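The values are calculated or read from the model by the stated rules, or taken from the named source; none is laboratory data. Please read these numbers as outputs of a predicted model, since none were measured by experiment. Cβ placement follows ideal geometry from the backbone for every residue including glycine, while neighbour counts extend to all protein chains displayed. When the accessible area is computed, the model is the full protein with side chains, heavy atoms only, and any ligands, DNA or RNA have been set aside. Shrake-Rupley method; radii C 1.70, N 1.55, O 1.52, S 1.80 Å.
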Amino acid sequence: MASLLTCTLKTVPSVSSWAARFSVRSLSCSSQLYAAAQPKSKKTLAKNGVKNIVLVDGVRIPFLQSGTTYSDLMPHDLSRAALKGLLTRTEVPKEAVEYIIFGTVIQEVKTSNVAREAALGAGFSDRTPAHTVTMACISSNQAMTTGVGLIAAGQLDVVIAGGVELMSDVPIRHSRKMRKTMLGLTRAKTLGQRLALISRIRPDYFAPELPAVAEFSSNETMGHSADRLAAAFAISRPEQDEYALRSHTLAKKAQDEGLLTDVVPFKVPGKETVLQDNGVRPSSLERMSQLKPAFIKPYGTVTAANSSFLSDGASAVLLMSEEKALAMGYKPKAYLRDFVYVAQDPKDQLLLGPAYATPKVLARAGLTMADIDVFEFHEAFAGQILANMKAMDSDWFAQNYMGRSSKIGAPPLEKFNNWGGSLSLGHPFGATGCRLVMTAAHRLKKEGGQYGLVAACAAGGHGHAMLVERYPQ
């Protein structure tokens, strides 16, 4: 496939020949952004012979900037807090939970199966199985859909799914040379063998291997890829800053109005009780414009202000078959309906997962973009969101890259991420998926809609989309 991203560093500010085909979309933070969807009467997405799987409820501890209040904790501490919060919120008996699945990205080596350690710490029976999945930024999406599959197959009726990330304390490895030396020392049988190994150590052995949010296959950081994507789709710096400001403005409004009801307080041992996300920071376009490019310098357009920040947090949701939920006296929040996973070129299309996944999940359900009342997309970067919107709104992209005859259209902003997103609320890699689904469910109820669409990109060139249907009142 010919590269989508033909802009070089010297031509970042200009519009590439094919990117010019895409129309520019206004992102003004006007009163239209707060318009609620009108209640509609539509068909249900229930299918004959297929179990209805419901989202009973879900919670998350506040998402915090890394290096702040959670910095002395471990991932299983955050996961345990989310599980306990879910138990308190739902009052589900621990013995009724048949399986626990968590997603995470950067694993703590001491608790590689963080789902199991968190479950034991939260007081679940040692007879309750738990496992951990990883799929980059859609890890908790994978945890949820794994649970959906187990319930749909008739294996289980009650599953907890969730996710966690703690970027305040990531594993930093010794260099490979030092690791080989240290392993050799454990196998050495004599003092002479040990001294021989030690004598080979050189100063460069002590240089650590620092983690980076980069693709193994291309060795490119995600931020660098986002900058190239923005250039290819002719997304300007002002457009990205304006979208990021929108995210923070809407998140602050949602916080102030008490809309983020999935957030539960977390008493951090030895510290204060955390009540809300601490990364929401509405600024001004003037101040944002003063920041220097973070990745491609000096011509790049991706900055700290229009990128999601490193975050700590955990989330958890309670999933059941509809029959089981009703039998236990629950009123579910929503149905979890069709979902898809996609993959594309991790070099030039790393962050275009939503553009590929959205038409596929709509086709599976027999819906169009006009049928969707609520959109909740993961905001890795403002430029990534805007590039996906342009891709979805382009006949040329649909025909040349997706094998479609025509575009599906971009999500209307008045329905899109109206309570903020990852740019403002935070993005603990393994926990964001559950936040997206819970927000979609709550917005559907608040705004009177029926269908929500959740979508996200992920490292490796992956993408995910899921349809959420409001549970009848």
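Does region 297-312 contain any residue that is over 24 Å from CYS434 (Cα atoms) and polar (S, T, N, Q)?
Yes, that holds for at least one residue.
Being among the polar types (S, T, N, Q), open to solvent by 30 Å² or more (accessible area, probe 1.4 Å) and at pLDDT 95 or above narrows it down to one of ASN219, ASN278, so name that one. If you could, list the steps in order and put the result at the bottom.
Values: ASN219 fails: at pLDDT 95 or above.
Sole residue among the options that is among the polar types (S, T, N, Q), open to solvent by 30 Å² or more (accessible area, probe 1.4 Å) and at pLDDT 95 or above: ASN278.
Restricting region 174-186 to residues that are out of contact with any Leu (no Cβ under 6 Å at 6 or more places or on another chain) and not aliphatic (A, V, I, L, M), which is most open to solvent (accessible area, probe 1.4 Å)?
The qualifying residue most open to solvent (accessible area, probe 1.4 Å) is ARG176.
For region 411-426, give me the residue count where each residue is more than 16 Å from the chain's Cα centre (by Cα) and either buried (at least 22 other Cβ atoms within 10 Å of the Cβ) or not in a loop (DSSP other than H, G, I, E, B) (or both). Let's see the steps before the verdict.
Going residue by residue through region 411-426, those that are more than 16 Å from the chain's Cα centre (by Cα) are 411-415, 418.
Now drop any that are not either buried (at least 22 other Cβ atoms within 10 Å of the Cβ) or not in a loop (DSSP other than H, G, I, E, B) (or both), which leaves 411, 413-415, 418.
The number of residues fulfilling the criteria is 5.
Here is a list: GLY270, GLY258, GLY300. Which entry is open to solvent by 50 Å² or more (accessible area, probe 1.4 Å), at pLDDT 95 or above, part of a loop (DSSP other than H, G, I, E, B) and out of contact with any Cys (no Cβ under 9 Å at 6 or more places or on another chain)? Explain how you work it out, then say what you get.
On the way: GLY258 fails: open to solvent by 50 Å² or more (accessible area, probe 1.4 Å); GLY300 fails: open to solvent by 50 Å² or more (accessible area, probe 1.4 Å).
Criteria check complete, one pass: GLY270.
When both residues are 6+ apart or on different chains and their Cβ atoms are under 8 Å apart, which pairs have a first residue that lies in region 241-270 and is at negative phi, and a second that is in a loop (DSSP other than H, G, I, E, B) and open to solvent by 70 Å² or more (accessible area, probe 1.4 Å)?
Pairs that qualify, where the first residue is at negative phi and the partner is in a loop (DSSP other than H, G, I, E, B) and open to solvent by 70 Å² or more (accessible area, probe 1.4 Å), are HIS248/ARG281; GLN255/GLN276; LEU260/GLN276; VAL263/LEU275; VAL263/GLN276; PRO265/LEU275.
Starting from residues that are open to solvent by 10 Å² or more (accessible area, probe 1.4 Å) and in a loop (DSSP other than H, G, I, E, B), keep the ones in region 48-64 and report whichever is modelled with the highest pLDDT. Can you show your working first?
The first filter runs over region 48-64 and keeps only residues open to solvent by 10 Å² or more (accessible area, probe 1.4 Å), leaving 48-52, 57.
Okay, now just the ones that are also in a loop (DSSP other than H, G, I, E, B), so 48-52.
Numbers: ASN48: 90, GLY49: 89, VAL50: 91, LYS51: 94, ASN52: 98.
Residue satisfying both the conditions and the ranking: ASN52.
Being on the phi > 0 side of the Ramachandran plot, touching a strand residue (DSSP E or B) at 6+ places or on another chain (Cβ under 9 Å), surrounded by 14 or more Cβ atoms within 10 Å (Cβ to Cβ) and at pLDDT 95 or above narrows it down to one residue among ALA136, ALA143; which is it? Spell out how you get there, then give the answer.
Numbers: ALA143 fails: on the phi > 0 side of the Ramachandran plot.
Exactly one residue qualifies, and that residue is ALA136.
Quick check on my filter: what residues within region 299-341 are under 30 Å from SER66 (Cα atoms), over 15 Å from the mean Cα position of the chain (by Cα) and of a type outside the set (Gly, Ala, Ser)? Explain how you work it out, then say what you get.
Initially, region 299-341 is screened for residues under 30 Å from SER66 (Cα atoms), giving 299-319, 341.
This time we only want the ones that are over 15 Å from the mean Cα position of the chain (by Cα), so: 299-306, 318-319.
Once the filter is applied, which keeps residues that are under 30 Å from SER66 (Cα atoms), over 15 Å from the mean Cα position of the chain (by Cα) and of a type outside the set (Gly, Ala, Ser), region 299-341 yields TYR299, THR301, VAL302, THR303, ASN306, LEU318, LEU319.
With the condition kept exactly as written, say whether any residue in region 368-387 is open to solvent by 30 Å² or more (accessible area, probe 1.4 Å) and either free of Cβ contacts under 8 Å to residues at least 40 places away in the same chain or under 30 Å from TYR70 (Cα atoms) (or both). Before you say what the answer is, go through the steps one by one.
Taking region 368-387 and keeping what is open to solvent by 30 Å² or more (accessible area, probe 1.4 Å), we get 368, 370-371.
With either free of Cβ contacts under 8 Å to residues at least 40 places away in the same chain or under 30 Å from TYR70 (Cα atoms) (or both) added as a condition, the list becomes 370.
Yes, region 368-387 contains at least one residue that is open to solvent by 30 Å² or more (accessible area, probe 1.4 Å) and either free of Cβ contacts under 8 Å to residues at least 40 places away in the same chain or under 30 Å from TYR70 (Cα atoms) (or both).
Kindly provide the set of residues from region 427-473 that are under 18 Å from ASP277 (Cβ atoms) and part of a helix (DSSP H, G or I), ordered by number.
THR432, GLY433, CYS434, ARG435, LEU436, VAL437, MET438, THR439, ALA440, HIS442, ARG443
Let me confirm something: among LEU350, LEU319, which residue is touching a residue at least 24 places away in the same chain (Cβ under 8 Å), surrounded by 19 or more Cβ atoms within 10 Å (Cβ to Cβ), in a loop (DSSP other than H, G, I, E, B) and not small (Gly, Ala, Ser)?
Working: LEU319 fails: in a loop (DSSP other than H, G, I, E, B).
Step by step, each of LEU350, LEU319 is checked, and only LEU350 is touching a residue at least 24 places away in the same chain (Cβ under 8 Å), surrounded by 19 or more Cβ atoms within 10 Å (Cβ to Cβ), in a loop (DSSP other than H, G, I, E, B) and not small (Gly, Ala, Ser).
In region 225-254, what count of residues is obtained for those that are surrounded by fewer than 19 Cβ atoms within 10 Å (Cβ to Cβ) and either in contact with a strand residue (DSSP E or B) (Cβ under 8 Å, 6 or more places away or on another chain) or within 27 Å of LEU64 (Cβ to Cβ) (or both)?
Within region 225-254, the first condition is being surrounded by fewer than 19 Cβ atoms within 10 Å (Cβ to Cβ), and the residues that meet it are 236, 238, 249, 252-253.
From what's left, either in contact with a strand residue (DSSP E or B) (Cβ under 8 Å, 6 or more places away or on another chain) or within 27 Å of LEU64 (Cβ to Cβ) (or both): 249, 252-253.
Final tally of qualifying residues: 3.
Could you tell me whether region 217-226 includes any residue that is within 25 Å of HIS442 (Cβ to Cβ), under 21 Å from the mean Cα position of the chain (by Cα) and of a type outside the set (D, E, K, R)?
Going residue by residue through region 217-226, those that are within 25 Å of HIS442 (Cβ to Cβ) are none.
No: region 217-226 contains no residue that is within 25 Å of HIS442 (Cβ to Cβ), under 21 Å from the mean Cα position of the chain (by Cα) and of a type outside the set (D, E, K, R).
Does any residue in region 441-462 that is open to solvent by 10 Å² or more (accessible area, probe 1.4 Å) and acidic (Asp, Glu) come within less than 7 Å, Cβ to Cβ, of a residue that is at pLDDT 95 or above and outside any strand (DSSP E or B) six or more places away or on a different chain, and which pairs are these?
Matching pairs, first to second residue: GLU447/ASP373.
Of all residues in region 91-107, which are part of a helix (DSSP H, G or I) and crowded, with 20+ Cβ neighbours inside 10 Å? Break it down into steps so the answer makes sense when it comes.
Residues of region 91-107 part of a helix (DSSP H, G or I): 94-96.
Of everything in region 91-107, nothing turns out to be part of a helix (DSSP H, G or I) and crowded, with 20+ Cβ neighbours inside 10 Å.
Within region 154-186, track down each residue that is within 23 Å of MET74 (Cβ to Cβ) and of a type in the set (A, V, I, L, M, F, W, C). Walk me through how you get there before you give the answer.
As a first pass, look at region 154-186 and keep what is within 23 Å of MET74 (Cβ to Cβ): 160-174, 179.
Listed by number, the residues that qualify are ILE160, ALA161, VAL164, LEU166, MET167, VAL170, ILE172.
Which of the residues spanning region 187-216 are surrounded by fewer than 13 Cβ atoms within 10 Å (Cβ to Cβ), without any contact (Cβ under 8 Å) to a residue 24 or more places away in the chain and within 25 Å of the chain's Cα centre (by Cα)?
If the condition is that a residue be surrounded by fewer than 13 Cβ atoms within 10 Å (Cβ to Cβ), without any contact (Cβ under 8 Å) to a residue 24 or more places away in the chain and within 25 Å of the chain's Cα centre (by Cα), then ALA212, PHE216 are the ones that fit.
For region 350-386, enumerate the residues that are out of contact with any strand residue (DSSP E or B) (no Cβ under 9 Å at 6 or more places or on another chain) and closer than 21 Å to VAL213 by Cβ.
LEU386
Could you tell me whether TYR330 is open to solvent by less than 80 Å² (accessible area, probe 1.4 Å), hydroxyl-bearing (Ser, Thr, Tyr) and in a strand (DSSP E or B)?
Values: open to solvent by less than 80 Å² (accessible area, probe 1.4 Å): yes; hydroxyl-bearing (Ser, Thr, Tyr): yes; in a strand (DSSP E or B): no.
Here the answer is no, as TYR330 does not meet what is asked.
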